[in-house]
1. Could you please rank A:Cys222, B:Cys223, placing first whichever residue has the fewest other Cβ atoms within 10 Å of its Cβ?
2. Which net charge results for the neighbourhood of A:Met448, defined as the other residues with beta-carbon distances under 13 angstrom from its beta-carbon, given Lys and Arg at +1 and Asp and Glu at -1?
3. Can you work out the PRE-style zone for B:Tyr83? Point 7 Å along Cα to Cβ, and I want the residues of region B:316-344 with backbone N under 19 Å.
4. Just to check, using Stokes-Einstein with a Kirkwood Rh over alpha carbon pairs, what's the diffusion coefficient of region A:67-156 at 20 °C and 1.002 mPa s in µm²/s?
5. Dividing the convex hull volume of the Cα atoms of region B:32-183 by its residue count, what figure in Å³ per residue is obtained?
6. Which entries in the list A:Lys258/A:Lys404; B:Lys97/B:Lys242; A:Lys31/A:Lys344; A:Lys336/A:Lys373; B:Lys143/B:Lys404; A:Lys316/A:Lys373 go over 29 Å, if you measure between the two C-alpha atoms of each?
7. Extension gain B:Gln125-B:Thr394, at 0.36 nm per residue separation less the Cα-Cα distance, in nm?
8. For B:His424, A:His39, B:His456, what ranking results if the residue with the fewest other Cβ atoms within 10 Å of its Cβ goes first?
Number of protein chains: 2
Amino acid sequence: MLKKSIPFLFFTTLVFSLASAQKEDSLQLRKITNEIMLHGKCYAWLDYLSNKIGGRLTGSPQAAAAVEYTHQLMDSIGADTVYLQPCMVPRWRRGDKENAKILTNNSGEVTVPICALGGSVATAQGGITAEVVEVHSFEELKKMGTAGLRGKIVFFNQPFDETAVNTFDAYEKTFMFRYIGASEAARYGAIGTVLRSLTNSIDNYPHTGVMQYNDSLPKIPCCAISTGGAEQLSKLLKNDNKIRFHFEMSCYSMPDVKSYNVIAEIRGSQHPEEIIAVGGHLDSWDLAQGSNDDGAGVVQSIEVLRTYRALGIKPKRTVRIVIFMNEENGGRGAKKYAEEAKRKGEEHIAALETDAGGETPLGFGLDGTKAQKDAVMKWKDLLLPYGLYDFSTTDGGADIEKLKDQGALLIGLQPDSQRYFDTHHTAADTFDKINKRELELGASSLSMMIYLLSEHGLNEGTIIYH
Amino acid sequence: MLKKSIPFLFFTTLVFSLASAQKEDSLQLRKITNEIMLHGKCYAWLDYLSNKIGGRLTGSPQAAAAVEYTHQLMDSIGADTVYLQPCMVPRWRRGDKENAKILTNNSGEVTVPICALGGSVATAQGGITAEVVEVHSFEELKKMGTAGLRGKIVFFNQPFDETAVNTFDAYEKTFMFRYIGASEAARYGAIGTVLRSLTNSIDNYPHTGVMQYNDSLPKIPCCAISTGGAEQLSKLLKNDNKIRFHFEMSCYSMPDVKSYNVIAEIRGSQHPEEIIAVGGHLDSWDLAQGSNDDGAGVVQSIEVLRTYRALGIKPKRTVRIVIFMNEENGGRGAKKYAEEAKRKGEEHIAALETDAGGETPLGFGLDGTKAQKDAVMKWKDLLLPYGLYDFSTTDGGADIEKLKDQGALLIGLQPDSQRYFDTHHTAADTFDKINKRELELGASSLSMMIYLLSEHGLNEGTIIYH
């Protein structure tokens, strides 16, 4: 009898304590969300970052101001330590000339909205003019070869795939035209490229974004044209494939300069060596305020810190807020952070990134081992009441990806993606597009996930939460 | 052996045919979504309804124009039958006077934004002025009683519960202040009421909406004040509870007039007697264009018809598009539709409503028997790739609720609710707030659900879709 009753007692005690732990977690998640929805400050911080500081291109005065602002802000909220992590960053500048026109053979000139892609070289003074060739794939480009492309301007006009429910899937399919399109065109003697902006909308905003030259090929200037402009250019080309395109850009690069990641940390009370990092990136493109990309992620991450302080939660594991510098055109902040973590022998059990916009959060992407993912999936029923249902992608994030090799589970906040590319990297990425509740729900999602990670870690064994 | 092999064969055949049926459904849902995301017209129709017709208050010239527009539109798309279903509707009008101010005792007058609640009587000419009493519940009102309220203006100032993740839950908690607040205040001798607008935002838009008088009590004028105005009034009251409120409104009612539901139908090829209805409401409030409430639902419903036609789908069961009149202030169209269905002995197996905005769809509310809901839930894995995961509510919709008694499963499209109340019933409910992809995804969600219903009905027995 005794032999039987002990396991039974043990089992009921276990069930009871699990149920009670689950209930406690559930109450704590509710407290976290209530704190943010009732007293959240992230919307006001984003207002400041957007309207008082503005666009924060890496290495710009505004980026420096944003470092100072977030440093002071996290200092004033209070943490066990708040510090700057220096890193050298590139300085690309747009310059003051950026214009383009389509030169038709029988109906005059048409001015169209363009912007230089980040990293592009300038055109010759006064601009360049050449016949323009429309392509939709690298295969098409290769087929045309030098015979078809020498001395011409290549027009990459592959539209977004509107049938992709997640707009990031459409972005992925066209991203390479922006990233390596210039060099691929230069390979066949083209003298410039025009990229159809990477967006779902048909409008007049050109979308910038980083590009990369292949150093073994000539560096040719590359710009993005608004989708409205791309539609018009394509239509005109259908009637006359001898029309020419003219564009002028005066962008340039300056020597690297010192900048910083901004870091704050609450040390874990039981397992301080186990680190959970969360962050977004402080730099943005220069065309607008960078409110959604990624001001939203910055203020959501800092809201995690404020919430821990406001509720007096003492995490069992170390929670570290990392505001990364230079995600958009270099990733130097991310590189430095990962190098330093490795050098110090730090153990990141998880790294969270919020760089997919401030829209309504729907879940998290998980990139790690099966055991790590399984540990997180035990909490899914706790997160469902907050609209977090989708854990199906492996999207972590560019600023944290280097931590995967160091053993961290990468966790990327996944907001609703429908509106994201409407403003992405354009002059339209401004504070008025941000909805307070959507932004706050994202901050709450991060805070809840970090709470569960810091309370339970990822090695808690067989506990199953329903 | 024979005895064993037959069931085995039967079983494998069944499994094979189920897998194949499921695959066919999955392909068809993909086709439906692609058709809408690539060739959808609902966004352009909503542009017309919003910008060429405008606000469509029941019984107004604009409502009549909208009847004509949607009738012609569905006629031009083509259906087995397109017709108008007449019904008498009320005519409440705002009039040309609508203004308010707070009369402080030591810092002058403060003009605040108000609007009449739909159905309110006018104030006396020149307006009414009285001391104002802030309350947050009907209990508080009762406690104050006649002694505290006679001759005064009652200010219902219960804010939205920001901790509710679904904003409709917050709406439900405060809705009754709008609906019966005036009569409840009149019960204790109040001479007017001011309602804090039912919204999450703090801004300067007053939100109108229907109210109802208790015929056994005096009818007193009632208005909504913007949340910004409500905050200010409440703050001023904290310093001086003797301040007065003044408001003037010249709203009035005219005799009922004839209007219409607009109906189109594709008859089922195998079970024409089984009807699946889908609709939104054509009328709106008068303050703006009614783009989100419920122009979105109207054009999404018509998109279902266009999609069936464009893809040449012949539904096994009858698919009926019902554009309802007078949802906002009377529900006469819904009443007429249900009465006629009953009179004709029609069998609605399901009725779908889209009246929760054009934002990203997240699921469907289901209101019916367990068997009906179970039948729908078999399809959930087919719908998940389109972001439709939430079937947890029983929210059907006001225009279809009367069909439940007639045996229909009520199905309400559930879009993301975060932004809905920002513009609800205000001057800000305009076309520019609508995102094309979000709107189209809603149309696609309805079309997919209707496809599954029309192909399989709700009595298909034990088939389980994974």
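1. Working: A:Cys222 31, B:Cys223 27.
Placing the least packed residue first, the sequence is B:Cys223, A:Cys222.
2. Neighbour charge sum, excluding A:Met448 itself: -3.
3. Under cut-off, by backbone N: B:318-325, B:333-344.
4. Values: Rh = 18.0 Å.
Approximately 119 µm²/s, per Stokes-Einstein.
5. In region B:32-183, the Cα convex hull volume per residue is 228 Å³.
6. Long pairs (Cα-Cα over 29 Å): A:Lys31/A:Lys344; B:Lys143/B:Lys404.
7. 92.3 nm
8. Ranking B:His424, A:His39, B:His456 by Cβ neighbours within 10 Å, fewest first, gives A:His39, B:His456, B:His424.
Just so you know, all these numbers are worked out from the coordinates, no wet-lab data involved. As the structure is a prediction and not an experimental result, all values here were calculated from the model. Here the Cβ is made from the backbone with ideal geometry for all residues, glycine too, and neighbour counts use every protein chain on show.
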